[in-house]
Amino acid sequence: MSSILVFGDSNSHGTMPLPRLGALDRYAPDVRWPTVMAQILGADVVTEGHPGRTTVHDDPIDGAHKNGHAALPALLESHRPLDLVVVMLGTNDCKARFGLRGWDIAAGVGRLAQTIQASTAGPGGGPPDVFLVAPVPVEESGVLAEMFQGGPARSRAIAPALRAEAERLRCGFFDAGRICAVDPVDGVHLTAEGHGALGRAMAEAVRAHLQEGTGC
């Protein structure tokens with residue numbers, strides 16, 4: 001049985017679309033895409049989805065603890081040995097406060113991949129394999145519209161840049177935006193149907209990647 005870590009943000013956590021700021025509703029475990037993927041694969045999947053998590057940036061408003069790069073080493077050690085780490089981050093980097101381009105965001109994900117590659121969190125003390133997922137593009141709508149002003153353009157630029165980064169680092173790659181879209185209620189989070197579609201597509205993509213045996 002493969003051991004997989006999903007390292008992500010609120011869309012891996014299962015946060016429901018926000019009707020108002022501060023809402024904390026979460027989909028049931030069997031609805032969330034990592035659980036759907038796990039059930040199809042028959043794999044041991046640990047989900048580390050932290051709402052608000054960025055790739056490599058301290059958030060000046062929500063706090064330094066949102067920095068994914070700072071959290072990653074401890075999580076790798078906590079859950080080893082891991083066969084695969086799936087990274088789906090970049091949505092929160094699209095917030096207007098960071099002023100990043102799609103290329104910058106992809107480079108942040110690449111930095112996370114390199115940290116995983118340099119770790120001893122895989123079988124036998126080697127590194128785990130890495131699979132990079134471009135997040136679903138955001139929209140300027142609902143209660144998060146102002147926070148993500150300019151986000152649609154930024155988020156749509158992530159996938160091509162991240163594909164190139166995955167090729168450079170010899171990682172798996174998947175574009176979640178080909179499978180589902182955000183809920184217009186807040187323009188950031190997935191519907192229950194979107195979680196199901198993404199979980200099924202990810203199961204197929206991860207299975208193919210593991211069968212190919214192409215590691216980072």
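Quick notes on this structure:
- For region 10-16, Karplus couplings with θ = phi - 60° (6.51, -1.76, 1.60), whole Hz, Gly/Pro x: 5, 7, 8, 4, x, 4, 7
- Over all directions, the projected convex hull of the C-alpha atoms in region 128-177 averages 3.9 nm² in area.
- Calculated on C-alpha atoms, the gyration radius of region 4-144 divided by its Kirkwood radius gives an Rg/Rh of 0.96.
- Cα shape, region 148-209, gyration tensor, a/c 1.5 rule: oblate
- Among the helices of the chain, those built from whole DSSP H runs whose Cα atoms reach 20 Å or more along their own axis and whose mean Kyte-Doolittle hydropathy is at least 0.0 are 102-117.
- Taking a ≥ b ≥ c as the square roots of the Cα gyration tensor eigenvalues, region 1-64 comes out oblate, since a/c reaches at least 1.5 and a/b does not exceed b/c.
- Computed about its Cα centre, the charge dipole of region 1-135 is approximately 300 debye, with only Lys, Arg, Asp and Glu carrying charge at their Cβ.
Rule-based calculations on the coordinates, nothing more; no lab input. This one's a predicted model, so the numbers in the text were calculated from it and none came from an experiment. Note: ideal-geometry Cβ built from the backbone for every residue, glycine included; neighbour counts use all protein chains shown.
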